[in-house]
1. Which is on the phi < 0 side of the Ramachandran plot, modelled with pLDDT under 85 and not in a strand (DSSP E or B), of 106, 39?
2. Have a look at 109, 96 and point out the one that is closer than 17 Å to residue 130 by Cα, surrounded by fewer than 19 Cβ atoms within 10 Å (Cβ to Cβ) and either of a type outside the set (Gly, Ala, Ser) or out of contact with any Asp or Glu (no Cβ under 7 Å at 6 or more places or on another chain) (or both).
3. Residues to consider are 22, 131; find the one that is out of contact with any Cys (no Cβ under 8 Å at 6 or more places or on another chain) and at pLDDT below 85.
4. Every residue in the range 82-135 that is hydroxyl-bearing (Ser, Thr, Tyr) and within 19 Å of residue 67 (Cα to Cα), please.
5. Can you tell me which residue in the range 12-48 is surrounded by the most Cβ atoms within 10 Å (Cβ to Cβ), limited to those that are under 19 Å from residue 122 (Cα atoms) and of a type in the set (Gly, Ala, Ser)?
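The values are calculated or read from the model by the stated rules, or taken from the named source; none is laboratory data. Every value quoted in this text rests on a predicted model; they were computed, and no experiment measured them. Here Cβ is always computed from backbone atoms with ideal geometry, including for glycine, and neighbour counts include all displayed protein chains.
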Amino acid sequence: MNTFELHILAAERSFYEGPCESLIVPTTVGMYGIQANHLNMIAGIVPGELTYRVPGGVDEHAACSRGMVKVENNEVTVLVDTVERPEEIDVNRAERAAAEAKEVILRKRSRQEYMRAQMELSRAMSRLKVSKLKK
């Protein structure tokens with residue numbers, strides 16, 4: 001199987017760096033798959049579930065926040081604000097964040113506040129979804 005070099009970097013840490021067989025990221029235009037020798041590109045990442053497969057391994061899942069993905073010369077870099085493995089997710093905190101975001105959305109204040117709450121709700125929901133994938 002062909003591989004590419006993958007770097008998943010969050011603001012506070014390096015999450016994964018090494019060989020990868022495939023990567024699926026949530027982008028502004030939907031879920032986007034990347035394999036070895038992919039064409040060079042850059043895309044925006046939205047909060048959601050990121051999935052990658054290391055050589056000879058099973059799919060690894062993570063909840064990610066907004067960011068970007070860059071593919072260049074068979075090397076992929078994912079830059080996000082935050083990224084968490086299922087076992088790292090605090091389910092209670094994610095549930096509280098979802099409830100708070102829903103409350104802000106219902107208040108319908110400013111467009112900016114609404115958009116921020118939508119992003120927070122999306123992130124919280126993806127964290128809850130990924131938390132159920134614990135091994």
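1. Within the list 106, 39, the selection yields 106.
2. Exactly one of 109, 96 is closer than 17 Å to residue 130 by Cα, surrounded by fewer than 19 Cβ atoms within 10 Å (Cβ to Cβ) and either of a type outside the set (Gly, Ala, Ser) or out of contact with any Asp or Glu (no Cβ under 7 Å at 6 or more places or on another chain) (or both), namely 96.
3. Answer to the check: 131.
4. Passing the criteria: 82, 122, 126.
5. Among them, the one singled out is 48.
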